[in-house]
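Each remark here refers to the structure printed beneath this line.
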């Protein structure tokens, strides 16, 4: 029964909007949270899939006669569309050499252009990106084949059958600002002055085309955009409000591995299988047939004394072990190997602070390893799949068979002692801002009455902060407080300036669970699986008054129970 999925204070996916998370109980609004976050984010949705922001960065995405679209062509609206309506457009070229293009600046980095198309007198469509580097793909609208691709910026092409006449074609590139040109062809690269029918253009970040979003005067964003609360279903059939600190993914590209260093010639292929998003946007990694280390790597900068956590989603495909190799500064290297058959860390260098492997279903695991930088400077994370864990030496050369390896998706490295939710990057390092919920006034009798209860908080303390206060008949307050200078947790009566318990030692930046239990007569504390102090005798009834400093976001979760749990239940809940 958590604050965010308890039957007494219920938050469900249909009960939120931009900047607000509604409670079903209490019904008077006193349980509603206001919410803010300055950036988009990701969550695990009810289907167990990673969900992130969606977007269409084109304006007037299906209004092709608007001035934003320019060129030597005639657009005619009101044509039979893919769904039986009349929202499609004919695209008639004046001359074979003419083109029509979107004349506003497109995005930098990894991007996917998509559009629905149907043949008329013309049987081919050629989207052409013109920028600092050029590239194009030619699609045959008679049979849905890709006739040709040209240019180093092309990552992938795709054709989806919509119905017997319509195709959705897409082109994924890695390029800087430029324009998307459209050409009619004869089904090859030869341009013609014929007519085709088009509908619903979209431009978005990432390796694949997602569901179409209509736009007019401005780009449109959907999904987990800024200020949208994240009701997360990780490890649960019930959602919990996900609250995380600000973190930055230091990798420039997290899904596109084509710009990672691949000095040993391994085969890496975009959009090879379904990722933890449920989309066909995971990379295949195949070790070649020479004897070498079979790895790819990407670099970033670190600061002396800071903790960093590297993470990535991986899935076996012939080789059952995955290896992180962290290195760079002063010949420093650390190795962490993971067994993808049983979901365990099979080898961890002693210099690593910790590691983790989490099952995401369908053969996917999120693996992570945390280290502390010994100097300030450049670092790299190497990733590879291997036939054994090689736990005697951490890493060794081996000869691949040209068909075995694994799948990779969502690489991340962040400053911090644990891995947080995935932060997508498509050419530039990205920051996910702090989640800031606020609940100004909520008394416990609004939730479950005030005679007894249990409250648990899980957090990784960094500085002084109040987690929440307890209010006693509008006279006294009981406050759960962390003192960063002494690295101690304190429970205090703020009116009488009385400390209820002996100070409880809690080191900084380490995950801890603290539980307070009360009934009509007694207040008891439990910390990290142990009863932490002598009971305090209550003389008045406790009620929850408000949650303080959730906005500092050091708190991972808060759980409220409507009863005073037993000692054994409290110990089990606080065990790490």
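The values are calculated or read from the model by the stated rules, or taken from the named source; none is laboratory data. The structure presented is a predicted model; accordingly, all values stated were derived computationally and were not measured. Here the Cβ positions follow ideal geometry from the backbone for every residue, glycine too, while neighbour counts run over all protein chains shown.
Here are the numbers for the structure shown:
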quantity: Residue match in segment 519-529 (condition: in contact with a strand residue (DSSP E or B) (Cβ under 7 Å, 6 or more places away or on another chain), modelled with pLDDT of 75 or more and surrounded by fewer than 14 Cβ atoms within 10 Å (Cβ to Cβ)); calculated: yes
quantity: Selection status of residue 276, over 28 Å from residue 110 (Cα atoms) and either crowded, with 16+ Cβ neighbours inside 10 Å or out of contact with any helix residue (DSSP H, G or I) (no Cβ under 6 Å at 6 or more places or on another chain) (or both); calculated: no
quantity: So residue 325, is it surrounded by fewer than 21 Cβ atoms within 10 Å (Cβ to Cβ) and farther than 30 Å from residue 223 by Cβ; calculated: no
quantity: From the options 305, 328, residue that is farther than 20 Å from residue 419 by Cα and touching a strand residue (DSSP E or B) at 6+ places or on another chain (Cβ under 8 Å); calculated: 328
quantity: Residue list for segment 152-161, filter: surrounded by fewer than 15 Cβ atoms within 10 Å (Cβ to Cβ) and in contact with a strand residue (DSSP E or B) (Cβ under 6 Å, 6 or more places away or on another chain); calculated: 160
quantity: Members of segment 232-246 found to be within 14 Å of residue 436 (Cα to Cα) and within 14 Å of the chain's Cα centre (by Cα), listed by number; calculated: 242, 243, 244, 245, 246
quantity: Checklist (1) surrounded by fewer than 17 Cβ atoms within 10 Å (Cβ to Cβ); (2) over 16 Å from the mean Cα position of the chain (by Cα); (3) in a loop (DSSP other than H, G, I, E, B) applied to residue 226, failing item; calculated: (2)
quantity: Segment 279-296 - residue that is part of a strand (DSSP E or B) and at pLDDT below 95 and, of those, surrounded by the fewest Cβ atoms within 10 Å (Cβ to Cβ); calculated: 291
quantity: Residue match in segment 478-501 (condition: assigned to a loop (DSSP other than H, G, I, E, B), at pLDDT below 80 and out of contact with any strand residue (DSSP E or B) (no Cβ under 6 Å at 6 or more places or on another chain)); calculated: yes
quantity: Filter result for residue 302 (touching a helix residue (DSSP H, G or I) at 6+ places or on another chain (Cβ under 8 Å) and buried (at least 17 other Cβ atoms within 10 Å of the Cβ)); calculated: yes
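Per-residue answers, yes or no, for (1) outside the structural domain of residue 203 (by TED's automatic domain parsing); (2) under 24 Å from residue 54 (Cα atoms); (3) assigned to a strand (DSSP E or B):
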position	(1), (2), (3)
106	no, yes, no
112	no, yes, yes
118	no, no, yes
128	no, yes, yes
136	no, no, yes
165	no, no, no
174	no, yes, yes
183	no, no, yes
